[in-house]
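A.B. asks: Below is a structure I'd like to ask you about.
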Amino acid sequence: MKKLVVGILAHVDSGKTTLCEALLYKSGEISNLGRVDHKNAYLDTNSIEKDRGITIFSKQAIINLENTKISLLDTPGHVDFSAETERVLSCLDYAILVISGSEGVQSHTQTLWRLLESYGVPAFVFVNKMDLISADKQKILTDLKQKLSDGCIDFENKNDLFFESIAMQENDLLDEYLENGFVCDENIKSAILSRNIFPCFFGSALKVEKISEFLNALDNYTIQKKYPDEFGAKVYKISDDEKGKRLTHLKITGGSLKVKDILPDGENESKINEIRVYSGAKYQNVQEGCAGEVCAVLGLSDSFCGMGLGFEENSSSLILEPVFTYSVKILDNTDLTTALSIFKKLEQEETQMNVVFNERLQKIDVQIMGDIQLEVLKRILCDRFNISVEFEDGSIIYKETIKNTVEGVGHYEPLRHYAEVHLLLEPNKRGKGIEIKADCSFDTLDKNWQRLILTHIGEKTHLGVLTGSPITDIKITLINGRAHQKHTEGGDFRQATYRAIRQGLMQAHSVLLEPYYDFVLEVPIENSGKALTDLDFMGASFLPSEQRGDATVIKGYAPVSKLRDYHKSVIQYTHGNGRLSLSFKGYDECKNADEIVEKIGYDAEADVENTPDSVFCTHGAGYLVKWNEVFEKMHIPAFNPNKDDKELIVAPKRYQKLIADEEELLKIFEQTYGKIKRKVHNPLKTEKHNQSYKGKKVISGPEYLLIDGYNIIFGWEKLKEIALDNLEIARIYLIDRICNYQAMKKNNVILVFDAYKVKGAVREIEKHHGITVVYTKEAETADVYIEKTSTELARNYRVRVATSDNLEQIIVFGHGAHRISAREFLEEVEMFEDKMRKFIEENRE
């Protein structure tokens with residue numbers, strides 16, 4: 001029996017949930033038809049959905065046909081919950097697109113069609129509500145062909161016209177039709193799978209008309225994918241069951257998943273405790289889930305929507321995205337920390353919501369798709385978490401991009417640190433987002449450093465310089481960089497990379513972008529003048545109006561800021577006879593950019609957390625260089641991004657003689673001994689000399705690293721959050737990470753935990769996967785133990801101490817040990833974790 005995952009999608013109020021009921025009823029899965037208006041629909045299980053009469057959360061049902069087992073995924077139809085729908089698409093084998101017979105192809109229908117095309121999902125079309133007087137089959141079919149695809153074909157009458165329409169979609173099908181007079185089912189199935197043919201059926205879900213024929217088509221004209229033996233899965237939803245247990249909903253795309261299997265879970269691994277197959281609100285426990293099936297698992301605590309398991313990669317950002325931002329006002333006694341943790345939990349579940357915490361202002365902001373989502377969110381917070389909130393200061397989420405190509409330079413060189421990064425920033429096509437790549441020789445900059453720089457580019461939401469809004473639609477290319485043999489650490493390149501992006505943006509011609517809606521406005525003919533005047537005042541772009549009976553239909557697009565409340569005006573001036581349908585189009589240039597920039601009042605140079613300035617070093621001390629003076633101070637010659645041949649810009653004067661002298665010596669050497677290949681000497685880089693100095697003992701041999709455990713726990717933000725809830729878990733988490741780090745670094749690690757205030761405690765020393773873990777005795781602090789141990793070890797070995805305790809740093813430095821702060825140590829650990837991941841991936845291949 002075939003196993004298929006089929007999603008059902010529609011513009012709101014097209015009868016999608018009613019069709020689900022009809023499919024389940026006709027297939028024998030339910031004995032009675034539920035109705036949305038009766039609040040007893042099989043898949044609308046949530047109380048909010050029943051109250052509102054719309055689907056808000058995606059849900060699963062099982063349909064068993066003669067040759068096929070279908071996992072049906074019902075998705076939201078309202079535009080505010082489009083992101084929930086989009087996340088499901090990555091798991092689908094086929095889709096059912098529901099069209100209203102009275103409305104035809106609507107604005108959100110076209111958005112859904114574009115999403116199906118982007119994700120490569122083959123689709124069946126069911127035109128619903130054909131029992132209404134206004135439904136015209138031929139008109140709807142023409143509409144489908146014009147607005148969606150010429151491959152939309154009526155599958156109800158398999159006559160000569162049917163096969164002619166099929167044959168026109170592919171050359172191979174045409175050859176078969178000309179030879180045989182028909183096209184076989186196998187080739188039709190292949191054409192459907194390749195998205196060249198879209199079977200269309202016309203019926204009424206409410207009256208259960210043409211449902212059996214539609215089910216037969218799903219059974220006979222679909223093909224099951226071939227899945228690999230290796231395990232893989234894609235997470236599409238996170239939820240809680242009625243008992244508060246965390247569920248990870250996923251589709252298995254390879255191999256199988258069994259209860260008690262161990263899976264990656266964030267930075268740890270977790271055991272699968274339970275596997276459930278849901279159908280509506282009910283579920284069945286199974287011991288194993290196989291490829292091609294959808295299930296919900298218990299045991300993963302750090303999973304997220306779009307997460308890839310096994311061979312699957314994590315999904316990229318969604319095409320649809322939030323366009324509004326609101327500040328959260330807590331009305332009860334819930335503290336900010338608790339509220340933030342709840343909002344973060346909901347963020348994992350709600351793919352269409354982003355949570356941003358403004359640390360400086362100590363406030364929570366939520367980014368959402370629309371007002372209905374806001375109302376639903378308020379209800380969820382009240383019902384599930386007993387928190388009362390209001391949302392205020394609703395505003396548009398703006399973005400920024402650039403119009404010209406620039407080179408950004410970031411230099412970071414406080415004492416005993418060094419990194420310089422050169423990035424090329426180029427305008428990208430609208431809607432492409434940030435694209436990152438490297439065009440830098442490994443001879444110039446080591447591969448590991450380059451990978452680290454690319455990671456730093458992608459790990460953060462970089463802000464523009466006009467309004468401090470996120471940047472988008474920019475190509476960022478690493479073109480040059482430099483590290484120091486002795487002083488460069490991973491965190492140095494993070495600083496240099498951030499500053500390079502920011503310095504480039506300061507030079508560029510920045511452009512403010514705002515979100516746009518596609519709209520369809522339908523008003524009585526007598527109100528068409530008012531509607532056209534309003535749209536023109538908004539700066540909307542629209543096609544010539546159409547006449548549909550006694551109504552005028554206008555289609556176009558306009559800024560979200562202008563359309564967000566316009567439906568209220570439409571209802572008012574048409575006395576309830578007008579309708580406005582909206583769907584997210586994307587971002588484009590802001591119509592009133594100067595006004596918005598002035599209103600926001602963002603000062604890019606005053607934003608110290610996103611500085612464009614660089615840090616250089618002279619006479620043993622670091623000093624700040626303003627972004628517009630960096631080109632005079634930088635250590636690597638710049639490229640001119642405005643020239644196709646990337647003409648070299650003359651280096652700063654104080655380096656010209658050094659470069660000229662080196663080139664002259666190289667020329668004389670090659671004239672004498674012939675052409676040679678060698679690394680170009682960098683006069684600014686300190687070379688390592690294998691010379692010893694008289695009277696100075698050269699310490700070699702193994703390195704010892706002493707770590708102040710609790711200092712690190714409360715110095716790493718994630719561990720600090722864990723420790724506030726459970727210190728024991730934070731300690732275990734740190735030990736595990738240090739073990740992985742030591743396995744790659746191959747040094748001697750002593751991790752010290754303070755038992756100073758533990759009455760009766762004696763010193764305990766444990767060996768844990770290659771590291772030594774020390775628990776100090778009563779009245780002995782970790783500081784004291786580290787100071788004594790570092791003093792002894794520093795006489796014969798290289799010693800480093802990881803702590804952010806300033807006094808302790810000074811003391812251990814005086815004893816001959818090197819010190820490293822908690823922040824610097826975290827960056828070093830992350831670098832070695834990257835190396836470990838790369839090693840695992842290479843060996844897996």
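The values are calculated or read from the model by the stated rules, or taken from the named source; none is laboratory data. Everything numeric here is computed off the predicted structure, so don't read it as measured data. Neighbour counts are summed over all protein chains in view; Cβ atoms, including those assigned to glycine, are modelled from backbone coordinates with ideal geometry. The accessibility values were calculated without ligands, DNA or RNA, using every heavy atom of the protein model including side chains. Shrake-Rupley method; radii C 1.70, N 1.55, O 1.52, S 1.80 Å.
A.B. asks: Taking only pairs six or more apart or across chains, which ones have beta-carbon atoms under 9 Å, a first residue in segment 185-197 that is touching a residue at least 40 places away in the same chain (Cβ under 8 Å), and a second residue that is hydroxyl-bearing (S, T, Y) and part of a helix (DSSP H, G or I)?
C.D. replies: N196/S190; I197/S165
A.B. asks: Restricting the search to segment 3-17, which residues are at pLDDT 90 or above and open to solvent by 10 Å² or more (accessible area, probe 1.4 Å)?
C.D. replies: Across segment 3-17, the qualifying residue is only K3.
A.B. asks: Find the residue count for segment 388-401, including only residues that are out of contact with any Phe, Trp or Tyr (no Cβ under 9 Å at 6 or more places or on another chain) and open to solvent by 10 Å² or more (accessible area, probe 1.4 Å).
C.D. replies: 2
A.B. asks: Do any strands (runs of 3 or more DSSP E) lying entirely in segment 403-506 carry at least 3 residues that are within 25 Å of T618 (Cβ to Cβ) and open to solvent by 10 Å² or more (accessible area, probe 1.4 Å), and which ones are they?
C.D. replies: 474-483
A.B. asks: Would you be able to tell me the number of residues in segment 567-584 that are under 31 Å from the mean Cα position of the chain (by Cα) and either more than 30 Å from L112 (Cβ to Cβ) or assigned to a helix (DSSP H, G or I) (or both)?
C.D. replies: So the count comes out to 0.
A.B. asks: Quick one: Y587 ticks every box in (1) assigned to a helix (DSSP H, G or I); (2) open to solvent by 20 Å² or more (accessible area, probe 1.4 Å); (3) not small (G, A, S) except a single one, so which number is it?
C.D. replies: (1)
A.B. asks: Right, next: Would you mind finding the one in K234, K207 that is within 18 Å of E293 (Cα to Cα), of a type in the set (K, R) and either at pLDDT 90 or above or in contact with a Gly (Cβ under 9 Å, 6 or more places away or on another chain) (or both)?
C.D. replies: None of the others qualify; the one that does is K234.
A.B. asks: Okay, moving on. Do you know which residues across segment 303-332 are charged (D, E, K, R) and surrounded by 14 or more Cβ atoms within 10 Å (Cβ to Cβ)?
C.D. replies: Hits for segment 303-332 are E312, E321.
A.B. asks: Has segment 243-254 got at least one residue that is open to solvent by less than 20 Å² (accessible area, probe 1.4 Å), at pLDDT below 90 and in contact with a Ser or Thr (Cβ under 9 Å, 6 or more places away or on another chain)?
C.D. replies: Among the residues of segment 243-254, not one is open to solvent by less than 20 Å² (accessible area, probe 1.4 Å), at pLDDT below 90 and in contact with a Ser or Thr (Cβ under 9 Å, 6 or more places away or on another chain), which makes the answer no.
A.B. asks: Could you figure out which of (1) out of contact with any strand residue (DSSP E or B) (no Cβ under 7 Å at 6 or more places or on another chain); (2) within 29 Å of T497 (Cα to Cα) isn't true of V615?
C.D. replies: Only one criterion is unmet by V615, namely (1).
A.B. asks: Can you list residue pairs whose Cβ atoms sit under 9 Å apart, with the first residue in segment 229-242 being of a type in the set (S, T, N, Q) and the second being surrounded by 15 or more Cβ atoms within 10 Å (Cβ to Cβ)? Count only pairs 6 or more apart in sequence or on different chains.
C.D. replies: Once the first residue is of a type in the set (S, T, N, Q) and sits in segment 229-242, its partners that are surrounded by 15 or more Cβ atoms within 10 Å (Cβ to Cβ) give S239/F57; S239/R246; S239/L247; S239/T248; S239/H249; S239/A296; S239/E349.
A.B. asks: Sort out which residues of segment 604-636 are within 23 Å of H462 (Cα to Cα) and assigned to a helix (DSSP H, G or I), and write them in order of number.
C.D. replies: Across segment 604-636, the qualifying residues are A604, E605, A606, V608, E609, N610, W627, N628, E629, V630, F631.
A.B. asks: Right, here's the next one. Return only the number of the condition from (1) among the charged types (D, E, K, R); (2) at pLDDT 80 or above; (3) open to solvent by less than 10 Å² (accessible area, probe 1.4 Å); (4) within 29 Å of the chain's Cα centre (by Cα) that K59 does not satisfy.
C.D. replies: (3)
A.B. asks: Sort out which residues of segment 365-387 are of a type outside the set (S, T, N, Q), in contact (Cβ under 8 Å) with a residue 60 or more places away in the chain and open to solvent by less than 40 Å² (accessible area, probe 1.4 Å), and write them in order of number.
C.D. replies: I368, M369, G370, V376, I380
A.B. asks: Mind telling me which of the residues E293, E321, E350 ends up being farther than 26 Å from R564 by Cβ and touching a residue at least 40 places away in the same chain (Cβ under 8 Å)?
C.D. replies: After applying the criteria, what remains is E293.
A.B. asks: Conditions first: (1) surrounded by 15 or more Cβ atoms within 10 Å (Cβ to Cβ); (2) at pLDDT 85 or above. R564 passes all but one, so which condition is the exception?
C.D. replies: (2)
A.B. asks: Taking segment 283-302 as the search range and keeping residues that are out of contact with any Ser or Thr (no Cβ under 7 Å at 6 or more places or on another chain), open to solvent by 20 Å² or more (accessible area, probe 1.4 Å) and in a loop (DSSP other than H, G, I, E, B), which one is nearest to N273 (Cα to Cα)?
C.D. replies: If we take residues in segment 283-302 being out of contact with any Ser or Thr (no Cβ under 7 Å at 6 or more places or on another chain), open to solvent by 20 Å² or more (accessible area, probe 1.4 Å) and in a loop (DSSP other than H, G, I, E, B), then Q287 is nearest to N273 (Cα to Cα).
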